[in-house]
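Trainee: Quick one: this structure, given as structure tokens, is what I'll be asking you about.
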Amino acid sequence: MQQFGSVADLARAVGVSDNAIYKWVSGRGQPSMMSLVNLAKAAGVSVEWLATGRGASGRIKADAAAGESPELSAPPHHALRAADARTPAPSPQIVDYVRFRNDWLQRALGADPRTIAVVEAVGDAMAPTIDEGDLALVDLRENQFRYDGVYVVRAGADLAIKRIQRKPDGTLLMRGDNPAYEPATVRPDQLSLLGRVVWVLGRL
């Protein structure tokens, strides 16, 4: 707030209401993960410091903020493209300013830092596994179905996160983890996959 000079300016930078800022400051509410990321980006500080008080408390250096550190990877800035799509899938759900350590991506997830993306979950179809506002780390190499798992599916102009399972007859069951939503059965050639979800960052 001191950096921005007013609650209104800070709220605009984060994309929330003035009242939300007041609630966070007073302890009557907590920011969603997306709001926390937006706050860190706007203020130039680390998410870790905002969430825990540990780590760097000062402004992130320009090269690190731009994702240029050789130890860090940021998701691709381009729109995602399904394996069978002629046009990319631009979406406000694609988050392009969360950074991950390369060694962690490779060691913990077996992911190539050059082929990851972060997608924000919308809706509650995958609850309680993935809630609205959670950030899903997606391995873009796995854009064709090979085995059961959670994938990002292109659905028109939107991106959906679904659990996909192969049925004995070769068709695929596409469902959310929320029992309030009906599953759907599709043929493999009807799916437009962008990648497999390998890790989820939930809200605080």
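Trainee: Would you please name the residue that is nearest to Ala121 (Cα to Cα), looking only at residues in the stretch 148-190 that are assigned to a loop (DSSP other than H, G, I, E, B) and of a type in the set (A, V, I, L, M)? Spell out how you get there, then give the answer.
Mentor: Step one: of the stretch 148-190, the residues assigned to a loop (DSSP other than H, G, I, E, B) are 148, 156-157, 167-171, 176-183, 187.
Pick out the ones that are also of a type in the set (A, V, I, L, M) and you get 157, 180.
Values: Ala157: 14, Ala180: 17 Å.
Only one residue tops the list, namely Ala157.
Trainee: Additional query: Based on what the data block shows, is Arg28 out of contact with any strand residue (DSSP E or B) (no Cβ under 8 Å at 6 or more places or on another chain), modelled with pLDDT of 70 or more and of a type in the set (D, E, K, R)?
Mentor: Working: out of contact with any strand residue (DSSP E or B) (no Cβ under 8 Å at 6 or more places or on another chain): yes; modelled with pLDDT of 70 or more: yes; of a type in the set (D, E, K, R): yes.
For Arg28, the condition - out of contact with any strand residue (DSSP E or B) (no Cβ under 8 Å at 6 or more places or on another chain), modelled with pLDDT of 70 or more and of a type in the set (D, E, K, R) - is met.
Trainee: A further question on this structure: Scan Ala42, Ala11 and give me the residue that is under 23 Å from the mean Cα position of the chain (by Cα), surrounded by 12 or more Cβ atoms within 10 Å (Cβ to Cβ), modelled with pLDDT under 80 and not in a loop (DSSP other than H, G, I, E, B). Talk me through it step by step, then tell me what you get.
Mentor: Numbers: Ala11 fails: modelled with pLDDT under 80.
Matching residue, one of Ala42, Ala11: Ala42.
Trainee: Can you tell me which residue is surrounded by the most Cβ atoms within 10 Å (Cβ to Cβ) among those in the stretch 97-136 that are among the hydrophobic types (A, V, I, L, M, F, W, C) and assigned to a loop (DSSP other than H, G, I, E, B)? I'd like the intermediate steps shown before the answer.
Mentor: Looking only at the stretch 97-136, we keep the residues that are among the hydrophobic types (A, V, I, L, M, F, W, C), and these are 98, 100, 104-105, 108-109, 111, 116-119, 121-122, 125-127, 130, 135-136.
Okay, now just the ones that are also assigned to a loop (DSSP other than H, G, I, E, B), so 98, 111, 121-122, 125-127, 130.
Working: Val98: 19, Ala111: 24, Ala121: 27, Val122: 16, Ala125: 18, Met126: 24, Ala127: 17, Ile130: 24.
Out of the qualifying residues, it is Ala121.
Trainee: Can you name the residue in the stretch 146-204 that is among the hydroxyl-bearing types (Ser, Thr, Tyr) and in contact with an Asp or Glu (Cβ under 8 Å, 6 or more places away or on another chain) and is also modelled with the lowest pLDDT among such residues? Full working, then the answer.
Mentor: The initial filter retains those residues of the stretch 146-204 that are among the hydroxyl-bearing types (Ser, Thr, Tyr), namely 147, 151, 171, 181, 185, 192.
Narrowing the set further to residues that are in contact with an Asp or Glu (Cβ under 8 Å, 6 or more places away or on another chain) leaves 151, 192.
Values: Tyr151: 95, Ser192: 87.
If we take residues in the stretch 146-204 being among the hydroxyl-bearing types (Ser, Thr, Tyr) and in contact with an Asp or Glu (Cβ under 8 Å, 6 or more places away or on another chain), then Ser192 is modelled with the lowest pLDDT.
The values are calculated or read from the model by the stated rules, or taken from the named source; none is laboratory data. All values derive from a computational prediction rather than experimental measurement. Neighbour counts are summed over all protein chains in view; Cβ atoms, including those assigned to glycine, are modelled from backbone coordinates with ideal geometry.
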